[in-house]
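J.: Below is one structure. I have some questions about it.
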Amino acid sequence: QHTTVLPFVLIEMRTTHHQYPSRSCGLAAVCTFAVGYILWVCWIYQVTGVWVYPLLEHLSPGVKVIFFAAVTVIINIFYLVGEILNNYIWDTQKCEYWFRNTNSLS
């Protein structure tokens, strides 16, 4: 389910240049979101007694902590990959070089 938006994310990446904040601010924002989401998932369990993700039902508390930490690391890696891809796709020096050479051919 979560990957069904991937084609649209790739199209947006090719059509829209994103200005990323400093790396430390970006990663802090991603970590804040991840921790907030984890707390929300745990709160839902506290209120309803049902885990939003059935896998969590089978994990011990210690393994849940490791799982949540690993997911947070993975989310940070995805953020960094997105930043790197954005910088690669929208490298202004590369674009200027391409336009300069294309114009000289005509």
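The values are calculated or read from the model by the stated rules, or taken from the named source; none is laboratory data. Fair warning: this is a prediction, and the values are worked out from it, not measured in the lab. Using ideal geometry, Cβ is built from the backbone for each residue, glycine included, and neighbour counts are taken over all protein chains shown. Calculation scope for accessible area: heavy atoms of the full protein, side chains included, ligands and nucleic acids excluded. Shrake-Rupley method; radii C 1.70, N 1.55, O 1.52, S 1.80 Å.
J.: Among the listed residues VAL35, VAL30, VAL81, identify the single one that is within 22 Å of MET13 (Cα to Cα), part of a helix (DSSP H, G or I), at pLDDT 95 or above and under 15 Å from the mean Cα position of the chain (by Cα).
T.: VAL30
J.: Counting only residues that are open to solvent by less than 60 Å² (accessible area, probe 1.4 Å) and under 13 Å from the mean Cα position of the chain (by Cα), which one in region 14-27 is farthest from ASN87 (Cα to Cα)?
T.: Taking the candidates together, the pick is LEU27.
J.: Now a separate question. Any chance region 4-25 includes a residue that's outside any helix (DSSP H, G or I) and farther than 19 Å from ASP91 by Cβ?
T.: Scanning region 4-25 turns up at least one residue that is outside any helix (DSSP H, G or I) and farther than 19 Å from ASP91 by Cβ.
J.: Go through VAL73, VAL41 for me and flag whichever is under 16 Å from the mean Cα position of the chain (by Cα) and at pLDDT 95 or above.
T.: VAL73
J.: Read through the list (1) under 30 Å from TYR53 (Cβ atoms); (2) surrounded by 11 or more Cβ atoms within 10 Å (Cβ to Cβ); (3) modelled with pLDDT under 95, then give the number of the only condition that TRP90 fails.
T.: (1)
J.: Go over the candidates VAL50, VAL30, VAL41 one by one and state the one that is free of Cβ contacts under 8 Å to residues at least 24 places away in the same chain, aliphatic (A, V, I, L, M) and open to solvent by less than 40 Å² (accessible area, probe 1.4 Å).
T.: Answer to the check: VAL41.
J.: Moving on to the next point. PHE67 passes all but one of (1) more than 30 Å from TYR88 (Cβ to Cβ); (2) outside any loop (DSSP other than H, G, I, E, B); (3) open to solvent by 80 Å² or more (accessible area, probe 1.4 Å); which number fails?
T.: Of (1) more than 30 Å from TYR88 (Cβ to Cβ); (2) outside any loop (DSSP other than H, G, I, E, B); (3) open to solvent by 80 Å² or more (accessible area, probe 1.4 Å), only one is false for PHE67: (3).
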